[in-house]
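Every read-out reported here was derived from the displayed coordinates using simple, explicitly stated rules and does not represent laboratory data. These numbers were taken from a predicted model, which means no experiment stands behind them. Note that we place each Cβ from the backbone using ideal geometry, even for glycine, and neighbour counts take in every protein chain shown.
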Amino acid sequence: MSIVSYLKSTILSKIVMAVTGIILLLFLIGHTLGNLQIFIGREVFNQYAYFLQSTGELLWVFRAVMLLSAILHIVTSVYLKFYNLKAKPQKYAVTNYVKATLSSRTMIWTGIAIACFLAYHLLHFTFGVTNPEHTKYNGYVEKGAGLYVEYNMPVPELIEGKYIEIPDGKILFKQKDVYKMVILGFKNPFISIVYIIGVIIVGFHLNHAIQSAFQTLGLNHPRYSPSIIAGSSTFSFLIALGLISIPVSVLLGIIGGVA
Amino acid sequence: MKLTLYIWRQKNAKSKGFMEKHQLDGVSEDMSFLEMLDVLNEQLIHEGKEPVAFDHDCREGICGTCSLTINGTPHGPEAATTCCQLHMRKFKDGDSIYIEPFRAKAFPVIKDLISDRSALDRIIQAGGFISVNTNQAQDANALPVSKEKADLAMDAAACIGCGACIAACPNASSMLFVAAKVSQFALLPQGQPERKRRVLSMVEQMHQEGFGACTNIYECEAVCPKQVSVRFIAQMNREYMGAYMKNEE
Ligand code: FES
């Protein structure tokens, strides 16, 4: 029994697609809600980012689960796509869909687009590869002063996550200025547009994905299914709207005036 | 009515097919789609040409033999209707109509508009039955069935096995067909003894025949002449998961 022997059964493959998809979706929900805290302000947002960074091993367990889910989701979908192309080698001279929605028929393509977008997103914000000038800023929180934050202080020798005393007697705590990173990133209209398009594709993918996961896991009932389908669309729309609101607000100067 | 027909012609299973254009005049609105093809074939025979081969049997929408993809839709534009029950009044004078066979790798075309759908029979042979020792029939009331279950089982059993679901599916998945057969038995007491084995072996056979994987786009349900619901696919997914995990064989 190898780990990928589930691929021999199309139903088991679909279940793997649904379960890994749900794991990724749960992350996306958390990610969206977490990121919306940027509207509360710089201190809260940076504190939240620091909290995530400081979870230690838990962060790595979490990253491992996400990575594994993403890999299984991608491997299974690509395998199924080739499997399905083989099952229908000859297309009709005329194609006409009665019920199939555009988003349901383009899952593999929106999926590939999302994978590319995700890779760019990680290189940009998480690994600081594409725009290192966005990720190099730090903030300093003063101990005992609540959320008092001094930014852009020239004390680069401070070690991230450690309290340290500076000459004037204050005890400071260094954390990444993630807020500034987001603002700088989205101030660039080109980057913002890439994000907006990426998120719209995610919403489009979810529109079919959520209700499809219900069906695959055997949850279909005439009384609930219409609400599941409508809920799937509404929910995807809200996720996309929430995520788009950030670059749009930055571009319009609603948030980030200080950065 | 005057029609321009584009029809798939293919000499045999090995040869390559092509779309052939035909003009047909004097079609009555009251003709069924297959009667219209009969008229075309008469015309072809008079011209000394090979008539178009197509599958049909009952011509009253119950046997599931007729199998034409009309303008890209299996069984044509009318919902819940086999193409033998489709009437020419659904078309307009001067229309162009594309007629193709049901397509899937597991449905090889053997001549013109006829595709070999015996893969579906092999799926049935794999488990789409109940084993009954023949003897005196037992008392009907010994096996109570609720009205709801009986109705639902009947909805699944409405499947005439025509294969339109597979022909309509971009993945050529046979999930709706197999799900209808699996659910029909799973809902009734007679189906219980072989319930787990049935779903596992029918799904296994479905894989061996080369049908694709379902992507829940529900085109199958939309073209099904008997309106079999995709809720049975969800039911089969449940049956399969349960049987897979509890399988003792
Ligand atoms: S010929 Fe029997 S259903 Fe059409």
Please work out the Cα center distance from region B:203-249 to region A:56-70, rounded to the nearest Å. 33
GNM flexibility winner over chain A from A:Ser245, A:Ser212, A:Ser54 (Cα, springs under 10 Å): A:Ser54
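Say R0 is 51 Å: what FRET efficiency, to the nearest 0.05, do B:Ala142 and A:Ile74 get from their beta-carbon distance?
Working: r = 53 Å, r/R0 = 1.04.
According to the calculation, E is roughly 0.45.
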If the label point is 7 Å along Cα→Cβ of B:Lys90, which residues in region B:45-72 have backbone nitrogen under 18 Å from it? B:54-72
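Taking every residue in A:221-227, how many Cβ atoms of other protein chains lie within 10 Å of its Cβ, on average?
Details: counts 3, 2, 0, 0, 4, 0, 0.
Mean shielding count: 1.
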Can you give the calculated 222 nm mean residue ellipticity of chain A, where each DSSP H run of n ≥ 4 adds -39,500 (n - 2.57) and the sum is split over every residue, rounded to the nearest 500 deg cm²/dmol? -20500 deg cm²/dmol
Residue-averaged beta-carbon neighbours from other chains (10 angstrom radius) around B:28-34: 0
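Can you give the FRET efficiency to the nearest 0.05 for A:Leu67 and B:His207, using r as the Cβ-Cβ distance and R₀ = 30 Å?
Working: r = 29 Å, r/R0 = 0.98.
So, using R0 = 30 Å, E works out to roughly 0.55.
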Protection proxy ranking of A:94-106, B:126-138 - average other beta-carbon atoms within 10 Å, highest first: A:94-106, B:126-138
Please count, across region A:6-137, the pairs of lysine residues with Cα atoms under 28 Å apart that sit 8 or more places apart or on different chains. 14
Using 20 Å as the cut-off for backbone N distance, which residues of region B:195-226 belong to the label zone defined by a point 7 Å from the Cα of B:Cys58 along Cα→Cβ? B:221-226
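What is the local net charge at B:Gln208, summed over the other residues whose Cβ is closer than 13 Å to its Cβ (Lys, Arg +1; Asp, Glu -1)? Let's see the in-between values first.
Numbers: positive: A:Lys8, B:Lys105, B:Arg122; negative: B:Glu204, B:Glu209.
Charge balance near B:Gln208 sits at +1.
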Could you work out the local net charge near A:Leu217, counting Lys and Arg as +1, Asp and Glu as -1, over the other residues with Cβ closer than 14 Å to its Cβ? +2
What distance in nm separates the simple spin-label points at B:Arg9 and B:Gln192, each placed 7 Å from Cα in the Cβ direction? 5.9
Hey, rough spin-label estimate for A:Tyr120 and A:Val4, points 7 angstrom out along Cα→Cβ, what's it come to in nanometres? 2.8
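Using a 10 Å cut-off on Cβ to Cβ distances, tally the other chain neighbours for every residue of A:75-85 and report the average as a whole number. Don't skip to the end; give the middle numbers.
Numbers: counts 0, 1, 1, 0, 1, 5, 4, 0, 6, 10, 5.
Mean inter-chain Cβ contacts per residue within 10 Å come to 3.
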Label-point separation (nm) for A:Ser249 and B:Asn133, each offset 7 Å from Cα along Cα-to-Cβ? 7.4
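Within the set of other residues whose C-beta is less than 9 Å from the C-beta of A:Tyr97, count the net charge using Lys and Arg as +1 and Asp and Glu as -1. It would help to have the intermediate numbers written out before the result.
Details: positive: A:Lys99, A:Arg105; negative: B:Glu219.
Neighbourhood net charge equals +1.
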How would you rank B:11-20, B:207-216, highest first, on the average number of other Cβ atoms within 10 Å across their residues? B:207-216, B:11-20
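Is it possible to state the helix-based mean residue ellipticity at 222 nm for chain B, with each DSSP H run of 4+ residues giving -39500 (n - 2.57), the sum divided by total residues, to the nearest 500 deg cm²/dmol? What is it?
On the way: 8 runs with 87 residues, N = 249.
One gets -10500 deg cm²/dmol as the mean residue ellipticity at 222 nm.
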